[in-house]
Amino acid sequence: MEPDINMLHERRSLEETYSRIRDDLTRSLDLFAVTAQVKTRPSAQASLVLLSRLCLLTSQYVQAREYALAALEIGGELLDYGSLPTDATYPFETEHLEVILNSTMSYNPSGVLAEGRLLIDTALYDLYVDLDLRKELFFKPSGEYHTFKGMYTGTVQFFTGLAMDELYLNYFEAALRSGESDRIKSRLDYWISN
């Protein structure tokens with residue numbers, strides 16, 4: 001790769017692109033601190049989460065599980081949803097303890113993802129049982145529908161970073177798809193309790 005923005009580059013195949021991403025993330029493991037002191041900075045843990053996500057995407061389930069497990073072993077906690085204010089406009093604080101890498105997407109009040117336009121299908125919303133705290137923490141009424149309010153940013157901006165909850169889901173899916181469901185019991189119990 002060349003840094004010259006005027007240079008014309010040949011478009012690479014999807015396989016070559018995934019390979020390059022994997023190589024860059026693997027190299028980054030030795031360059032970044034294990035965890036970041038500031039959550040908007042990269043870390044080896046964030047690279048491991050992205051490697052796990054990439055391996056899930058490319059059906060490399062054993063490697064996805066190994067990367068997720070390595071990231072989990074670095075540490076991090078899950079929020080206790082029972083301790084969050086369900087009636088708050090945005091119940092999650094900025095850079096709370098689940099966040100591994102904090103990044104956001106700018107909010108456009110007239111955009112397609114604006115609160116008045118981002119309506120959750122009632123069939124999806126109704127999949128949550130009444131006692132599921134996610135119903136009140138992630139959604140709020142908007143006419144006959146609901147809209148999303150569960151930004152991990154603590155503001156109207158959408159969270160596009162990496163967090164422990166997703167890391168656990170990566171681990172569970174990879175373990176199940178690789179035929180190693182017996183490995184997830186204790187971590188699944190912890191995840192469900194939060």
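The values are calculated or read from the model by the stated rules, or taken from the named source; none is laboratory data. Being a predicted model, the structure only gives us computed values, none of them experimental. Every residue, glycine as well, gets a Cβ built from its backbone with ideal geometry; the counts of neighbours run over all protein chains shown. Remember, those area values only see protein heavy atoms, side chains included, never the ligands or the DNA or RNA. Shrake-Rupley method; radii C 1.70, N 1.55, O 1.52, S 1.80 Å.
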Original post:
Can you give the Kirkwood hydrodynamic radius of the chain from its Cα pairs, in Å with one decimal?
Top reply: 18.7 Å
Original post:
Using a Gaussian network for the chain with springs between C-alpha atoms less than 10 Å apart, which of these wobbles most: Q63, Q37, Q157?
Top reply: Q37
Subject >> Estimated FRET transfer efficiency (S178, D23; beta-carbon r; R0 25 Å; 0.05) >> reply: 0.65
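Where in region 27-129 are there trypsin sites (Lys or Arg not before Pro) that are in a DSSP coil and have at most 16 other Cβ atoms within 10 angstrom of their Cβ?
Working: sites: R27, K39, R53, R65, R117; in loops: K39, R117.
Answer by residue number: R117.
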**OP:** Pairs of Cα atoms under 8 Å, at least six residues apart: use those to get the relative contact order of region 1-46, whole percent.
**Re:** 23 percent
Original post:
Can you work out the FRET efficiency for the pair I192 and R11, with r the C-beta to C-beta distance and R0 = 41 Å, to the nearest 0.05?
Top reply: 0.40
Original post:
Highest mean first, what order results for 159-172, 6-19 on Cβ atoms within 10 Å?
Top reply: 159-172, 6-19
Original post:
When the helices in the chain are scored as -39500 (n - 2.57) per DSSP H run of 4 or longer and the sum is shared across all residues, what 222 nm value do you end up with, to the nearest 500 deg cm²/dmol?
Top reply: -11500 deg cm²/dmol
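Just add up the charged neighbours of H96: K/R +1, D/E -1, any other residue whose Cβ is under 10 Å from the Cβ of H96. Numbers along the way, then the final one.
Working: positive: K39; negative: E77, E93, E95, E98.
With Lys, Arg at +1 and Asp, Glu at -1, the net is -3.
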Original post:
How far apart, in nm, are the 7 Å Cα→Cβ label points at A33 and Q157?
Top reply: 2.1 nm
**OP:** Name the residue farthest towards the positive end of the dipole of the chain from the options L133, P85, Y107, assuming +1 on Cβ of Lys and Arg, -1 on Cβ of Asp and Glu, about the Cα centre.
**Re:** Y107
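Considering only protein heavy atoms, what per residue accessible area in square angstrom results for region 1-160 with a 1.4 angstrom probe? Walk me through the intermediate numbers first.
Details: 10150 Å² over 160 residues.
Heavy-atom accessible area per residue stands at 63 Å².
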